[in-house]
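The values are calculated or read from the model by the stated rules, or taken from the named source; none is laboratory data. The shown structure was predicted, so the numbers you read here are calculated from the model rather than taken from an experiment. Note: ideal-geometry Cβ built from the backbone for every residue, glycine included; neighbour counts use all protein chains shown. To get the accessible areas, we keep the full protein, side chains included, count just its heavy atoms, and leave off ligands, DNA and RNA. Shrake-Rupley method; radii C 1.70, N 1.55, O 1.52, S 1.80 Å.
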Amino acid sequence: MEHRIIAASDILLMPSRFEPCGLNQMYAQRYGTVPVVQAVGGLQDTVESFNPWENSGSGWMFEPNDMRHVETRRFIDTVNDALTTYREYRESFIGIQLRGMAKEFSWDAAAKSYEDIIIQAKQDDYRG
């Protein structure tokens, strides 16, 4: 049921205080649902904040306050940015959806990334 709700939504609000990985924002992007997340843990690793000048990003992020709590004003402002884009800049919103749907979250991509890091570490070790 959870996947159906996420897939049927246009925007997913995820103002988590702590999120070591998070799967919902990855599911959302795969389904074309745009995430609005607090920049913590795995959320900031898997959601790229929308930049209208570069036409990049797969969602919106807002920064937590110093205590790592949800900053209400920042959250509301970020949700308003998402809603404004949805209502007034539909082409940009569709671009965000498409970029999110194109993201690769499979283990194949993660394994390749780890392999690249290990190879680089070996090369650095031999050099010096």
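Listed conditions (1) within 10 Å of the chain's Cα centre (by Cα); (2) open to solvent by 90 Å² or more (accessible area, probe 1.4 Å) are all met by GLU2, apart from (1). When every residue of segment 9-25 is checked against the conditions, at least one turns out to be surrounded by fewer than 17 Cβ atoms within 10 Å (Cβ to Cβ), of a type outside the set (Asp, Glu), over 13 Å from the mean Cα position of the chain (by Cα) and modelled with pLDDT of 95 or more.
Of the residues making up segment 105-125, those that are open to solvent by less than 60 Å² (accessible area, probe 1.4 Å) and part of a loop (DSSP other than H, G, I, E, B) number 1.
The set of residues in segment 85-94 being open to solvent by 30 Å² or more (accessible area, probe 1.4 Å) and in contact with a helix residue (DSSP H, G or I) (Cβ under 7 Å, 6 or more places away or on another chain) consists of TYR86, SER92.
For residues in segment 60-84 being among the acidic types (Asp, Glu) and surrounded by 11 or more Cβ atoms within 10 Å (Cβ to Cβ), which is modelled with the highest pLDDT?
Only one residue fits best here, namely ASP81.
Quick check on segment 46-59. Is at least one of its residues loosely packed, with under 11 Cβ neighbours inside 10 Å, aromatic (Phe, Trp, Tyr) and either under 14 Å from the mean Cα position of the chain (by Cα) or farther than 21 Å from SER9 by Cβ (or both)? Yes, some residue in segment 46-59 is loosely packed, with under 11 Cβ neighbours inside 10 Å, aromatic (Phe, Trp, Tyr) and either under 14 Å from the mean Cα position of the chain (by Cα) or farther than 21 Å from SER9 by Cβ (or both). The condition (being more than 8 Å from the chain's Cα centre (by Cα), open to solvent by less than 30 Å² (accessible area, probe 1.4 Å), aliphatic (A, V, I, L, M) and modelled with pLDDT of 95 or more) is satisfied by just one residue among VAL40, VAL34: VAL34.
Within segment 70-83, residues that are in contact (Cβ under 8 Å) with a residue 24 or more places away in the chain and over 8 Å from VAL36 (Cβ atoms) reach no partner that is of a type outside the set (D, E, K, R) and open to solvent by 70 Å² or more (accessible area, probe 1.4 Å) with beta carbons closer than 7 Å at six or more positions or on different chains.
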